[in-house]
Amino acid sequence: MTPLQNSAVTADSPESARCENCDAHVSRPFVRVFGDNEGTLHRCLECTTFRELQDGAGSHSHSHT
Ligand SMILES: [Zn+2]
């Protein structure tokens, strides 16, 4: 009789990750493509451009600015 048990799935899903820079929600495949080898995404489309991501912005902590 504890309906709360059904909502215990709200913890961090293995299908999701977050941007290190702005904490935006991103998908695992996105991190795999644009993040670094440790699964960390340093930039996402919320805080940089797609062009910057293609240039490696998501896998390096350095910035062009
Ligand atoms: Zn971001």
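We did not get these values from a lab; they are worked out from the coordinates using the rules stated. It should be emphasised that the depicted structure is a prediction, and the values quoted were computed from it without experimental measurement. Here the Cβ is made from the backbone with ideal geometry for all residues, glycine too, and neighbour counts use every protein chain on show.
Summarising the amide proton neighbourhood of VAL26: residues at separation of 5 or more, or on other chains, whose placed amide H is nearer than 5 Å comprise ALA17, ARG18, CYS19. Of the GluC sites (Glu not before Pro) in the stretch 22-52, the ones in a loop by DSSP (not H, G, I, E or B) with at most 16 other beta carbons within 10 Å are GLU38, GLU46. Working from the Cα coordinates of the stretch 15-65, the gyration tensor eigenvalues give, after taking √(5λ), semi-axes of 15, 11, 9 Å in decreasing order. When LEU41, LEU53 are arranged by Cβ crowding within 10 Å, least crowded first, meaning fewest neighbours, the order is LEU53, LEU41.
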